[in-house]
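These notes are about the structure you will find just below.
Laboratory data are not the source of any read-out in this text; all were calculated from the coordinates shown. Nothing here was measured: the structure is a model prediction, and the numbers come from that model. Here Cβ is always computed from backbone atoms with ideal geometry, including for glycine, and neighbour counts include all displayed protein chains.
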Amino acid sequence: MRYEHKYVVENFHAFEVEHLVRMHPAGFRKAFPDRQVNNIYFDTADFSTFQHNLMGISKRHKYRIRWYGNPIETVRNIRLETKIKDNQLGRKEWEDREVEDWNSLINLIPNLNWTKELQLQPALLNAYQRAYYSTFNGKFRITVDHRLQFGPFNSSFPRLVHELPHKVILELKYDQALEHEADRITQYIPFRIDKHSKYVTGTSLIMY
């Protein structure tokens, strides 16, 4: 498993946060071109995943379909992801699939094991811009997410109705075995580690 430390940054522009990352003494540099990340999150009919997160249950599973690109309805290659969390440690299990368009993605959902066996259903649509950074040796990685957008899942057409333009999420990721080296990275990040879930944030926006 790996550590995933999140920093919620308010009232900073994404380019300012990225500048701080590039100035880090560990030498973070762009690891991958920026891109838009799109997700469909799944939950039970009574939103048990949402409730468990609010209750602070440390061991949780999160289920989502992820793809990349803008506009959001341009869907081709998707990834079925199960994210397994244990406090600040996490890991992913995934399976890649190909679809032709948004409609074929919608037709796929009822046939997933998530929906048939786990009784899950699509609950939230989410998109954001992501920048990727890594140390030269690849041991430590940082992502910077901004332009967070959310909308209730609608099978007819993907529609994002809420945007959080003043929130930036910085996430530091490294393998559990590197915990003893992490202080030399975290001491130069001038923000406070905070709990943050895009799924909880978006669900709160569409529910209340």
> Do the alpha carbons of any pairs in Lys62/Lys139; Lys83/Lys116; Lys59/Lys167; Lys6/Lys116 sit beyond 29 Å of each other, and which pairs?
Replying inline: Lys6/Lys116
> To one decimal place, what orientation-averaged projected area in nm² is obtained for the convex hull of the Cα set of segment 160-206?
Replying inline: 4.6 nm²
> Of Lys85, Lys59, Lys198, which is the most mobile in a GNM of the chain whose springs link Cα atoms less than 10 angstrom apart?
Replying inline: Lys59
>> Can you compute the FRET efficiency between Leu160 and Asp183 using 1/(1 + (r/R0)^6), with r the Cβ-Cβ distance and R0 = 30 Å? Round to the nearest 0.05.
In response: 0.20
> What FRET efficiency would be calculated for the residue pair Asn113, Asp194, taking the C-beta separation as r and a Förster radius of 30 Å, to the nearest 0.05?
Replying inline: 0.35
> According to the square roots a ≥ b ≥ c of the eigenvalues of the Cα gyration tensor, what is the shape class of segment 1-87, taking rounded for a/c under 1.5, prolate for a/b larger than b/c otherwise, and oblate for the remainder?
Replying inline: oblate
> Quick one: net charge of Leu164's neighbours, Cβ under 13 Å, K/R +1, D/E -1?
Replying inline: 0
> Using only Cα atoms, what Kirkwood radius does segment 87-148 have, in angstroms?
Replying inline: 15.3 Å
